[in-house]
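We did not get these values from a lab; they are worked out from the coordinates using the rules stated. Note that this is a predicted model, so its numbers are computed, not measured. Here Cβ is always computed from backbone atoms with ideal geometry, including for glycine, and neighbour counts include all displayed protein chains.
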Amino acid sequence: MTMIFGVPAAVFLGQLLLGLINGAFYALLSLGLAVIFGLLKIVNFAHGAMYMLGAFATLLGMRYLGINYWAALLLAPLVVGLFGMLLERFMLRRIAHLDHLYGLLLTFGLALIFEGSLVNFFGVSGARYPTPELLQGGFQLGFMFLPKYRAFVLAAAIVVCVFTWFMIERTRLGAYLRAGTENPALMQAFGVNVPLLITLTYGFGVALAAFAGVLAAPLYPVSPNMGSNLLIVVFAVVVIGGMGSILGAVITGLAMGLIEGLTKVYYPEAANTVIFLVMILVLLLRPAGLFGKEA
Amino acid sequence: MSATQTQTQTQTLTPSMKRQRRADMRRNVFYLVLIGIGLVAPFVAYPVFLMKVLCFALFACAFNLLLGYVGLLSFGHAAFLATGGYVTGYLLASHPALTPELGIIAGTLVAVALGAVFGALSIRRQGIYFAMVTLALAQLVFFVYVQSPFTGGEDGLHGVPRGDLFGFISLRSNLAMYYFVFAIFLIGFAIIQRAVHSPYGQVLKAIRENEPRAVSLGYNVDAYKWVAFVLSAGLAGLAGSTKTVVFQLASLTDAHWHMSGEVILMTLLGGVGTLFGPVVGAGIVVSLQHLLAQSPLGNWVGPILGIIFVVCVLSFRSGIVGEILKSYRKNFK
C-alpha cells in the first residue's frame, strides 16, 4: 500500500477530502458573513441558525410537502432568504444607526430563539436525511473511494462561490453593492435605493447560509444545534482571513478545512482546536488577518 | 490670619461642591442600606438562591467593567468563570487540607493568568472582531476542558468539599457560606467601584467614547485595555471559584458559549455601564430561570431569554437601572 508521510494513502486522502468538504462549508458560511458585513457592518450571529433553518426546511419540506432534494436546493435558500429579508426590514433596520455591536446582540438573540424553539420540537439528537438517489454510491479512484455526494457538495460549493464572486465583481448590482460598502450616503445621493440594497444583501447572505444547510442535510444529522458550533469555527476562519475580500474568505475557508483534515490524520486530539490555534498565530503575526484591509 | 483662612475655606465650598457632598452622602447612605438588606436577606429568602444570584452578579459586574466602561464586548467570559471554577474545584477536591479561601485565590489567579494571555491576543483587534476573537478563544478553552482529565470531561467535578474557612469556620451551614459569599461579592464590587471612579476609570471611559482621541492625548490605550481585561477576567474567575465552593461542583455548562451570552443578557437587561445594572440583571435572569424551571415552560428558557435579548436591543437599551437613572436625573436635577 502506498504511504504518504507514514500514513496509508487512502486514509490520508480520505481525511483530506473530508477536510476539503468541511472547508467548503466554512467557505460558504464565511462568504455570506463577509457579504453581509460589507454593507451592514454587522456580524450576523444568526448565520449558524440560518444554516440550520436551511437544513430543516429541506428535511421538513420532504417530510410534509414531498419536496425532493433538488427542489429544496433552490427553494430552501429562497424561503430562508425571504425570512432573513423580513428580519432585516423589521428589526435590523431599526438599530442600523446605533453601534454595530447591537446588531451582533440582536442576531444572537434571534439565534437563541430559533435554536431553542426547534429543540423543543425536534430534540437535540438530530434526524437523518437520505442522500438523493442520483448521488448514491461513489467512484473508485484506485487510491481511494470518492462518494458521489461528497464530490457533488464540493463542486456545488465552489460553483456557488464563483457565482457570488461573479455577481459582486462583474455585474451592475455587484458594483452598487461594492459602492455601497464604501460610501452608502453618496450612493443614496446618486439615486440608488440603499435600504432596498441592504435588505437584498442580507437576504442573499442568509440564503448562502441556507444553501450550505441544504448541502449539509444528507451529510450530517439535521439538529437545531448544528449551526451554532459550526458558526464559532467560522468566526475563527473569518478572523484569520479578514472580511475584506470574497476570494480571501473562500480560500481561507478551504485552507482551514484542509488543515483540520491533516490534523485529524496526525494528531486527532487537536482536530477540534487547530483552527483556533491558527487564529492565535495569525493574531500574533498578522493582526489584521491574512486578507484584511484594516490597519 | 486664621480668620482669613477659615474665610477662604468657607468661600471655596461653592454651591456645586455642597451639592457634590450631599450627593456623596446620599450615595453612602444608599450603599449602607443595600449592605443592610444583604445582611438580613438570608433570613427572608433561600440562602443558596441568594448565593447563586451574588455569584452571577459578580460575574456580570466583571463583564460590565469591559463592556460598560471600555466599550469592549467580550463574547468569551465563560472561559474565565469556568477556569476559576475548575481550578478551585480540582484543588479543593484533591487536597483536603486546603482551606476554601486559598482554593478560591488559586482559581482567581489562574483566571487572571488566562485573562492576561487572552487579553493580549484579543485587544489586537477591535469592535466586532474583538467579540469574535474572544468567542473563539473561549471555545478553544471549552474543547480543552472537554478533553482534559482534571475537569472530569462531560461529567464535571462533583462533591467538592466546602471545608473550613481559614481552617476553623465551617462553611457547611448555608448561612455561614452566605456571609462568606456576600463578603467576596462586596470585595469584588468595591474593586470595580474604585476602578471605575478612579483616574484610571476616567481614561477607560475616554477610550470608550473616542479611542483615536485617547491615543492622540498620549495614553497607551492598549495597556489600559489590557489591564481592564485582566481585572475583568480575574473577577469573573473569582465568581466562578466562589460558585464552585457554594454548589460543590464545576461543570462544562460554565464553559459553554451560552454562559457568555447569558452574562451579556444580564448586563444588558440591568443596564450597561451602570454599577448596579449587572446586579439587578443577574437577579432577574437567575430568578427567571428558577421560576421557569418549575413551570410548564421549563423547556422554553432558551427562547424566552432570546426574546428578552431582542426586546432589550430593540427598545430597552439603557436597561432597568439605566432607565431609572434617566428618569431620576430628569425629575430631580
Hey, which aspartates and glutamates would be in cross-link range of B:Lys243, C-alpha to C-alpha under 15 Å, not counting anything within fewer than 8 residues on its own chain? B:Glu101, B:Asp254
Please report the relative contact order for chain B, taking Cα pairs under 8 Å with a sequence separation of at least 6, and give it as a percent rounded to a whole number. 30 percent
Mind jotting down the three principal axis lengths of region B:74-224 based on Cα atoms? Whole angstrom, largest first. 54, 36, 20
Out of residues 5 or more away from A:Gly138 or on other chains, whose amide H comes under 5 Å of its own, with H placed 1.01 Å from N in the peptide plane? A:Lys148
Report the label-to-label distance for A:Phe143 and A:Val192 in nanometres (one decimal), using points 7 Å from each Cα along the Cα→Cβ vector. 4.6 nm
Cα convex hull of region A:18-285 - mean projected area over all directions, nm²: 15.6 nm²
If you take the Cα Rg of chain B and divide it by 2.2 N^0.38 Å, with N the number of residues, what do you get? 1.06
Classify region A:100-207: rounded, prolate or oblate, from the alpha-carbon gyration tensor (a ≥ b ≥ c, eigenvalue square roots; a/c under 1.5 rounded; otherwise prolate if a/b is larger than b/c)? oblate
Shape call, region B:13-87: gyration tensor on alpha carbons, a/c limit 1.5: oblate
Where the centroid of each part is defined by its Cα atoms, how far is region A:227-286 from region B:264-333 in Å? 35 Å
Residues with amide H under 5 Å of B:Leu72's amide H, sequence separation 5 or more or different chain, H placed in the peptide plane at 1.01 Å from N; which? B:Leu67
A 25 angstrom limit on the alpha carbon distance is what I want to check against. Which of B:Lys205/B:Lys330; A:Lys41/B:Lys330; B:Lys205/B:Lys326; B:Lys18/B:Lys330 exceed it? A:Lys41/B:Lys330
I need the phi-derived Karplus couplings for region B:15-26: 6.51 cos²θ - 1.76 cosθ + 1.60, θ = phi - 60°, integer Hz, Gly and Pro marked x. x, 5, 5, 4, 4, 4, 4, 4, 5, 4, 4, 4
Does anyone have the angle between helix A:226-241 and the longest principal axis of chain A? Alpha-carbon axes, 0 to 90°, nearest 10? 80 degrees
Taking amide hydrogens as modeled 1.01 Å from N in the peptide plane, which residues meet the under 5 Å criterion relative to A:Ala127, leaving out close sequence neighbours? A:Val222, A:Ser223
So, in nm, how far is label A:Arg286 from label B:Arg19 when the simple model puts each one 7 Å beyond its Cα toward the Cβ? 5.6 nm
Nearest 10, in degrees from 0 to 90: the angle of helix B:199-209 to the longest Cα principal axis of chain B is 80 degrees
Run lengths n ≥ 4 of DSSP H only: what is the helix-derived mean residue ellipticity at 222 nm for the protein assembly as shown, with -39500 (n - 2.57) per run over all residues, to the nearest 500? -24500 deg cm²/dmol
Under the Karplus relation 6.51 cos²θ - 1.76 cosθ + 1.60, θ = phi - 60°, what is the ordered set of whole-Hz ³J(HN,Hα) values for region A:214-223, x standing for Gly and Pro? 4, 4, 6, 3, x, 8, 10, x, 7, 9
If you average over every viewing direction, what projected area does the convex hull of the Cα atoms of the protein assembly as shown give, in nm²? 35.9 nm²
Output the 0 to 90 degree angle, nearest 10, between the alpha-carbon long axis of helix B:301-315 and the longest principal axis computed from the alpha carbons of chain B. 20 degrees
For A:Ala10, put the label point 7 Å out on the Cα→Cβ axis and report which residues of region A:141-163 keep their amide N under 12 Å from it. A:141-146
Once label points are set 7 Å from the Cα along Cα→Cβ at both A:Lys41 and A:Tyr220, what is their separation, rounded to one decimal in nm? 3.2 nm
Which whole-number percent is the relative contact order of region A:18-285 (Cα, under 8 Å, 6+ apart)? 42 percent
